Amino acid sequence: MKLSSVGCVYLGFTGACEKKKEEEKRVKMIEVVLNDRLGKKVRVKCNDDDTIGDLKKLVAAQTGTRADKIRIQKWYTIYKDHITLKDYEIHDGMGLELYYN
Amino acid sequence: MANRTDPLAKSIRGTNPQNLVEKILRTKIYQNTYWKEQCFGLTAETLVDKAMELDHVGGTHGGNRKPTPFMCLVMKMLQIQPDKEIVVEFIKNPEYKYVRILGAFYLRLTGTDVDVYRYLEPLYNDYRKLRFKSNDGKFTLTHVDEFIDELLTKDYSCDIALPRIKKRWTLEAIGSLELRRSALEDDFEEEEEKDEDDQLVDGLDSGDNDKDYYRARSPTREKDRDRKRDGHRYRDRDYDRDRDYDRDRDYDRDYDRDRDRERDREGRERDRRDRDRGRRRSHSRSRSRSRDRKDRDGDDRRRRHRASSSPKRPEDRDEQPKKKKEKKAKKDDGTDHPDPEIAEQNRIRASLGLKPLKL
């Protein structure tokens, strides 16, 4: 009896784990806010598997600056162009700092 | 003190020559170690020595965008503003390719349009390799003529916005410049002669190809674009005409059954007139008549259609809705979303080459 109940709990636990993994693998749309503290505040919708380089292109399309002039930071951490938003753990509604090169 | 422009220097394009480089990049160069150590108190002669030591070209690199020594030397040249003869010497020297590139870059920033074309175009013949440091810090391979082409055609290079110069055909039209003579012109002429001989044999008219080549260069390119766009519309009109034409042909067949094809073609004029007149009269009458005719003379019609080279009608009809369906499917992938904000974002993403938003 005990073993089966433990077994049931275990199965339930693994089921939840798998569900979470599936949830993590799915691509989500997130909205990021970029602020340059000089009056430019931009809200950009993007997928969380976009890279920072793609995000810079989207911001450039919206602000009119060149994409390679934009620098995205979070308190001295300069975000690199080839890493995805998901890997940087940028979630929906998060604010990033916009600087220029 | 060290960063002030030479007081005897002329202003370029209405401003301090150092202002050709943007403020942020300028500040970065002033804070750079290479600038502080090596570029202090340089004159035109000592600058040549430093230029000979260059081993790569580039703008800025890395996360905090560190400028390259090439950038620092360009800045120094803008600061001391050497004479035009010295710059031309830089460009003409054959041994040191980086000195050449430095001179070419400086001339592109400061020289007049005619000078730029006159002194930079001979460099198209230089095929030597260059080491280019890209924004992420990696070195890539490029060539002198590729770099010169970039300077002459694009408006941004090495993180500096290049000043606008007039296009070459404008200067040719004014008469300040002659037509460009390529060093490979003799080879081209030989090839052209060979092509002409082939054409005479094949009987093809490649005059259109030449026309297109020049058209691509001329400002009438937009006419070309419009023509391509309207080509689609003409096809639809033909389709309509075919449908009505057939109806009228059946109507006329009543009068003269022994009509041969030649007369049909001439009779198209008459049919068009009749179509304009007959269209408003009664569609149902002609339609029913054509339907009867289909039963009676179906073979005749089919034979006639098969003989012609234009697309057959049942297939034509199938193609049109299929095309419409494909178009609709494509839009669903990207920009056809009820929410206008998301549709707008998807449109921007599509123009940048990114996948649409996952909803």
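Among the residues of the stretch A:56-78, those that are closer than 25 Å to B:I342 by Cβ and within 10 Å of chain B (Cβ to nearest Cβ) comprise A:K57, A:L58, A:A60, A:A61, A:Q62, A:A67. May I ask you to list the residues in the stretch B:90-117 that are surrounded by fewer than 17 Cβ atoms within 10 Å (Cβ to Cβ) and closer than 17 Å to B:V144 by Cβ? B:K92, B:N93, B:P94, B:E95, B:Y96, listed by residue number. Remark: A:K45 matches the filter, which requires a residue to be more than 16 Å from A:D87 (Cα to Cα) and either buried (at least 16 other Cβ atoms within 10 Å of the Cβ) or more than 8 Å from chain B (Cβ to nearest Cβ) (or both). Take the conditions (1) closer than 23 Å to B:D159 by Cβ; (2) more than 10 Å from every other protein chain (Cβ to nearest Cβ); A:V33 misses just one of them, which is (1). The condition of being touching a Leu at 6+ places or on another chain (Cβ under 6 Å) and either more than 9 Å from every other protein chain (Cβ to nearest Cβ) or surrounded by 17 or more Cβ atoms within 10 Å (Cβ to Cβ) (or both) does not hold for A:L85. Residue pairs whose Cβ atoms lie under 6 Å apart, sitting 6 or more positions apart in sequence or on different chains, and linking a residue in the stretch B:343-359 that is under 19 Å from A:R66 (Cα atoms) to a partner that is part of a helix (DSSP H, G or I) and of a type in the set (D, E), are B:L354/A:D54. Checked against (1) more than 17 Å from the chain's Cα centre (by Cα); (2) surrounded by 12 or more Cβ atoms within 10 Å (Cβ to Cβ), A:K28 passes all but a single condition, namely (1).
Among residues of the stretch B:15-33 that are farther than 16 Å from B:A161 by Cα, those with a Cβ under 6 angstrom from a residue that is at pLDDT below 90 and surrounded by fewer than 19 Cβ atoms within 10 Å (Cβ to Cβ), sequence gap 6+ or separate chain, pair up as B:Y30/B:N3. If the condition is being more than 38 Å from the chain's Cα centre (by Cα), among the small types (G, A, S) and assigned to a loop (DSSP other than H, G, I, E, B), then the stretch B:1-45 contributes B:A2, B:A9, B:G41. Checked against the criterion of being aliphatic (A, V, I, L, M), more than 27 Å from B:L184 (Cα to Cα), surrounded by fewer than 15 Cβ atoms within 10 Å (Cβ to Cβ) and touching a residue at least 40 places away in the same chain (Cβ under 8 Å), the candidates B:M52, B:M75, B:M71 yield just one match: B:M52. Give the residues of the stretch B:38-67 that are away from chain A (no Cβ under 14 Å) and closer than 16 Å to B:K133 by Cβ, sorted by residue number. Residues satisfying the conditions are B:E53, B:L54, B:D55, B:H56, B:V57. Is there a residue being more than 25 Å from A:R71 (Cβ to Cβ) and among the acidic types (D, E) anywhere in the stretch B:108-117? Yes, the conditions are met somewhere in the stretch B:108-117. Note on the stretch B:119-174: among residues that are aliphatic (A, V, I, L, M) and within 14 Å of another protein chain (Cβ to nearest Cβ), the one that is surrounded by the fewest Cβ atoms within 10 Å (Cβ to Cβ) is B:A161. Every listed requirement among (1) at pLDDT 85 or above; (2) crowded, with 16+ Cβ neighbours inside 10 Å; (3) more than 14 Å from chain A (Cβ to nearest Cβ); (4) more than 20 Å from the chain's Cα centre (by Cα) is met by B:L177 save one, (1).
Screening B:R128 with (1) of a type in the set (D, E, K, R); (2) at pLDDT 90 or above; (3) touching a Leu at 6+ places or on another chain (Cβ under 9 Å) gives one miss only, at (3).
The values are calculated or read from the model by the stated rules, or taken from the named source; none is laboratory data. Values in this document were obtained by computation on a predicted structure and should not be read as measured data. When we count neighbours, we look across all protein chains shown, and the Cβ atoms used for this are built from the backbone with ideal geometry, even at glycine.
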